[in-house]
Amino acid sequence: QKKTYHYKYCSKLFISSFQNHNKKKPKHKKKQNKKMVLFALTSSSSSSKLKQHSHRSFSESLMEDSIEDAEAIIHQWISPDSSSSSSSSFCCTFSLFSNKNREEAKQFMGAVTTLHSAMVKLISANPASTKLIRAESLLKTSMNHLSKENASKEDDDAEAMADLKMIADCMTSSGYGKECFTIYKKIRKSIIVEALEQLGFENLTLSQVQKLEWQSTEKKTRVWLRAVRKAVTTLFFGERILSDHVFSSSAAIRESSFAEITLQSALALFSFPGNVAKSRKTPEKIFLTLDVYQSIVELMPRIEEVFSYDSTSSVKSQIAGTLANLEEAVVSMIDEFESSISNESSKSVISNGGIHQLTRYVMNYIVFLADYSDTLANIIPETSSFASPEEDESTSSSSLSSPLAKRISEGWLEKHEGKLKKHVAKFEEIVWGELMTSLATADEEEAEEFVRRFSDRFEEVYKRQTGWVVPDSKLRDEIKVSAAMTLIPAYTEFYKRYRVGLRKNVGVAPEDIGNYISDLYFGSGESGCVSSVHSSVSYV
């Protein structure tokens, strides 16, 4: 009771003293009012801060909700890896494009873009947010997945090109453009190399090419001819289109991508024929060399189009050097061809009227070379030793006065055709002249004996001529028709005039001469169509 009483007493005393103090000092009222104002301002400032804090929390909440929404969509394709002890590990469930539903793929890309955008805003608002750690891990996992999709994509159709562009745009907008560019270049470059290998192309150095036997070099060159056309028109051309499409938003990246992917392979491809041209040169190699030269020239418009960037100008420089090497090789081979003919010292005569081996070789060479006349006209310089020393006025004034035409022109052909006709006429005179003369001097009294002598002589000539050969079919027929037209009409007239045909077993009949002649000039006892000449001659 004493304690309670004491407490109440002290309380009253404290209240009374406080009241008396206020009454005694009224002058402090103004200061008290200032304190109340200060308290009111402090309360107002705290309220403002509370409102700002409340507003920031709402914004952060929206960002965090966006991250959670994006996470839910992304987890449809990428789920947490239960086998990993790390809470931030994820594993891919299946490809975005496996079901060929581009709308779902677009939904994934949109979620990734939303995730990245929300992260950027949340970092500005609250860098300490715990949501950022998981969001960053999820974004990295999404980028890894897109990198794998990028690596596995084949540019087989328009859809695939659109997919690659979608992936590139998404990764670039999410701040992973460098990673996208790196993986794209690496994969596409390996695809180009593998494609060239599948086409059969081998990247050989100059020393390796020079060590090859010609048969091996020829085989590899023919493979190159097939590969280069496919590489330029499909492989490199398609890669240019793909790079332009996937990185359409940046001209610099487009150029850099295409150059880094194709440059090394293109340089290797076009250096091979130049290395072959630097190898040992013989006349027989000229035709394959011209095939290579023509192929490159035909492909130049497409090459100019595909490798039009400044960063790929080295490819065109390489091609220009290769063409120069090929031109030099062609001129050298022609000089070697002319030299081999000039140095031929063989004087041997071919039996049975056959063509000399050197003549056959030269004519075949020239015939095949004529197929490349347009190409040779561009390769052989006007000052080349290939110009004919026997150039005549008709050749020099001709509109076809190219370096090649100076060696083989119409005037040259006409002159040699005239020589050929003289030789044929001389040949006929030697072979059949004696029989023709005998027909002109025969009389009626010796008619039967004459026919016997004529027949014996004809048989001797026939047997000797069956061993002779005229390889050119047109010339062979002309000689046989000429001989038949010379002998058969005169012999038929004599045979009928003196009625030798009424006697049995007297010489060869006129109608058989044509059949015999038609068998001639095939060589080695061979015979042709019996009726070929016979049908060309009238016995009436």
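Points to keep in mind about this one:
- Space enclosed by the convex hull of the alpha-carbon atoms of the stretch 210-307, per residue, Å³: 90 Å³
- Spin-label pair His416-Gln198: with each label point 7 Å from Cα along the Cα-Cβ axis, the two points sit 4.9 nm from one another.
- Between Ser207 and Ser117, the simple label model (points 7 Å from Cα in the Cβ direction) yields a spacing of 6.0 nm.
- List Val469, Val112, ordered by accessible area with a 1.4 Å probe, largest first: Val469, Val112
- Amide H within-cut-off set for Val469, under 5 Å, with H built and near neighbours excluded: Gly354
- Considering the stretch 234-277 at the alpha-carbon level, its Rg and Dmax are found to be 12.8, 43 Å.
- Normalised Debye scattering of the stretch 144-295 at q = 0.19 Å⁻¹ gives log10 I(q)/I(0) of -1.05, counting only Cα atoms as equal scatterers and leaving out solvent.
- Solvent exposure ordering (accessible area, 1.4 Å, most first) of Leu235, Leu199, Leu269: Leu199, Leu235, Leu269
- Its Cα gyration tensor gives the stretch 273-324 an equivalent ellipsoid. The semi-axes, each the square root of 5 times an eigenvalue, are 25, 12, 5 Å from largest down.
- Measuring nothing but protein heavy atoms, the accessible surface of the stretch 240-390 at 1.4 Å probe radius is 51 percent carbon and sulfur.
- Count Lys and Arg as plus one, Asp and Glu as minus one, and take only other residues whose Cβ is under 10 Å from that of Ser295; the net charge is then 0.
- Förster radius 22 Å - calculated FRET efficiency between Ala252 and Thr182, Cβ distance, rounded to 0.05: 0.90
- Counting only protein heavy atoms and using a 1.4 Å probe, the accessible area of Arg254 comes to about 60 Å².
- Contour minus Cα-Cα distance for Glu103 and Arg226 (0.36 nm per residue): 40.2 nm
The values are calculated or read from the model by the stated rules, or taken from the named source; none is laboratory data. Bear in mind the structure is a predicted one, so any value in this text is a computation, not a measurement. Heads up, the Cβs are rebuilt from the backbone with ideal geometry, glycines too, and the neighbour counts pull from every protein chain shown. Heavy atoms of the whole protein, side chains included, go into the accessibility calculation; ligands, DNA and RNA do not. Shrake-Rupley method; radii C 1.70, N 1.55, O 1.52, S 1.80 Å.
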